[in-house]
Amino acid sequence: MRAKEAIREKVLKERSKIKKIKIDKWSNQIENNFFKIPQLNKINKIMAYASMRNEVKTFSLMKKLIDQNYSLYLPYTKGDQISLGIVKINNLKSDLELGTYGVQEPKHKLRTKAIPTGLDLIIVPGACFSKNGYRIGYGGGYYDSFLADYGISALKVGFCYNRFIFDSIPTESHDIPVDFIITEKEIISTK
């Protein structure tokens, strides 16, 4: 969809201009808001993403999740497939390496063909979100495919800066909305 591409391009261009000090501050506020989700006391298996460039930063959050004995999983791209695998991460320093698209991914030696089942919560990145939970990602289709196959019963949480929350965005039939969007200002329930 051309409209989606235009929005993605505009948002990513605007996001790239945000100063690091603001990214750090907003990411910290988003992390604090994440720990206010009431469902967290019933959750164990959490899939996050390794942040890059001006995305909402996740490394501090992931360290806290590991330290608090949550089972943390991170995705990796599966070669030429539009598909994600995931691996349980025990140590952010020793379990990751630079992967596809310059993203930190689980090391090859940790990867298996099986996708762990029973994810309780999936943190979903996005360029922008609509108030009803739909997102515009980066155009690869990796998360849409993963959520359709493995994330239907998981709580889906989008991380996004408040300025990139819109009343609506173009959607397609395969798009899967998140249940919550966490910004530096609020937690938005999309249901």
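Quick note: the coordinates plus some simple rules give every number you see, no bench work behind them. Please read all numbers here as calculations on a predicted model, not as lab measurements. Here the Cβ is made from the backbone with ideal geometry for all residues, glycine too, and neighbour counts use every protein chain on show.
With a 10 Å Cβ neighbour count serving as the proxy for reagent exposure, in which order, fewest first, do Asp67, Asp149 appear?
Details: Asp67 8, Asp149 11.
Ascending number of Cβ neighbours within 10 Å: Asp67, Asp149.
Working from the Cα coordinates of the range 1-83, the gyration tensor eigenvalues give, after taking √(5λ), semi-axes of 26, 19, 12 Å in decreasing order.
Each peptide in 124-136, 168-180, 5-17 was scored by the mean count of other Cβ atoms within 10 Å over its residues; highest first, the order is 124-136, 168-180, 5-17.
Counting neighbouring Cβ atoms within 10 Å and putting the fewest first, the residues Tyr143, Tyr101 line up as Tyr101, Tyr143. Which one, [x] -0.40, -0.74, -1.22, -1.31; [y] -0.34, -0.72, -1.33, -1.45; [z] -0.30, -0.65, -1.36, -1.55, gives log10 I(q)/I(0) by the Debye sum over Cα atoms at q = 0.09, 0.13, 0.18, 0.19 Å⁻¹ as derived from the coordinates shown? Answer label, from the structure shown: [z].
Judged by the mean number of other Cβ atoms found within 10 Å, the most tightly packed of the peptides 102-111, 48-57 leads the ranking 48-57, 102-111.
Farthest toward the positive end of the dipole of the chain, out of Ile30, Phe166, Ser189, is the Cα of Ile30, where the dipole comes from beta carbon charges about the Cα centre.
Excluding same-chain neighbours fewer than eight residues apart, the lysines reachable from Lys19 by a Cα-Cα span under 20 Å are Lys10, Lys57, Lys185. A Förster radius of 30 Å, combined with the Cβ-Cβ distance separating Lys13 from Ala148, puts the computed FRET efficiency at roughly 0.55.
When DSSP beta bridges are restricted to pairs lying wholly in the chain, around 50% turn out antiparallel.
Given their separation in residues at 0.36 nm each and the Cα-Cα distance between them, Phe166 and Ile43 gain 41.4 nm when the chain is fully extended.
A Cβ-based charge dipole, computed about the Cα centre of the chain with Lys and Arg at +1 and Asp and Glu at -1, lands at about 520 debye.
Projecting the Cα atoms of Leu155, Thr117, Leu98 onto the charge dipole of the range 60-191 (Cβ charges, centred on the Cα centre) puts Leu98 farthest toward the positive pole.
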